[in-house]
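All remarks here apply to the structure that follows.
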Amino acid sequence: MSDLEEIIRLVKAVVAAGDKERAANSNEARAAAQTEALTAQNALDRATGIRDLRRRRMIAEARALPFGAKVDAAEFEQFTRDCLDGTPSGEIRRRHAFGRYATDGKDALGPELSGVLTSNMLQNAKGHYGPLDGPVRAGGVDPDMGAADEIRNKIVVDTGYTAGAEIGGTGRIPNELWKRAQRAQNALAQKMRMSSQKAESVGFRTVKDWCQKAGPLADLFQDARKDGAQERRAPNPDRILRR
C-alpha cells in the first residue's frame, strides 16, 4: 500500500526543485536543482511503484513474455546478473530490456529518438545491424568477414522465425526449409560479393548446423522461433523466407 502522505511530500519536493531550477541564475545552481529534482523524482517513482513497474516490464520483455505477464520486481538483481553474464544470450536479454526501457521512456526522449534507440536495441538483439552499431557477435567470426557475419545472423534469425510461424515452437524442420534458408543466404552473399565484401555461399546442411548446433547462433534461432510461433496468426512477411 502506498504511503499517500509521503507521496504528497515527494511531489511537492519535485515541484519545488523544478521551480528552483527554472529560477536559477548560474550553471552551478541550475545543476544542483536538477540533481535535487531528479533525486526526488526517483524517490517518488519508488514510493508510487513506478520504478518496480518499469523493472517488471523490462524482465517480461527480455524473457519474451506477453504484455502484463506476472513477474516479480524482486527478481531484478538476479535478472541484471543474467544480463551481464558475458554470454550472447545475456547480451540479447540486455538489449531487449534496454529496448523496453527506451520505449517506456518515450515521453522524455520523444517518439523519434525513442524509436531509433528501441529499434537499435531490438534489431541487435535479433542479430541484425541496428541503426547505431553492429550485430550481436557470434563466436568464431573472422574480423574481416563482417558482411558474412551480418548475413549469417540474419539468415539464422529469419529461419527461426519462419520455422515458428509455419511449424510452431517445436517439431521437426523439413529439409525444404533449410534449402530455402540456403537460397536466401547465397543470394545475400552474392550481393555482398558484388560490392567487394567477403561473403561465402554455403550448403543447406551448413545452415542447419548454424541453427541447431549448441551455441550462440542456436540461441538466436530458438529466440526467433519463439517469436514466429507467437505471431503465427499474423506473421511479419518481411521475416519469412521466400519459397
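Computed from the coordinates by the stated procedures, all read-outs in this text should not be read as laboratory data. Computed from a prediction, not measured in an experiment: that's the story for all the values here.
At 222 nm, what helix-only mean residue ellipticity would the chain give, in deg cm²/dmol to the nearest 500, using -39500 (n - 2.57) for each DSSP H run of four or more? Don't skip to the answer; put the middle values down first.
Working: 11 runs with 164 residues, N = 243.
After summing the helix terms and dividing by residue count, I get -22000 deg cm²/dmol.
Mind checking which lysines have their C-alpha under 25 Å from Lys106, skipping anything on the same chain fewer than 8 residues away?
Straight-distance partners of Lys106: Lys12, Lys70, Lys126.
Among the lysines, select those whose C-alpha is under 21 Å from the C-alpha of Lys191, and discard any that sit fewer than 8 residues away in the same chain.
Partners found: Lys154, Lys179.
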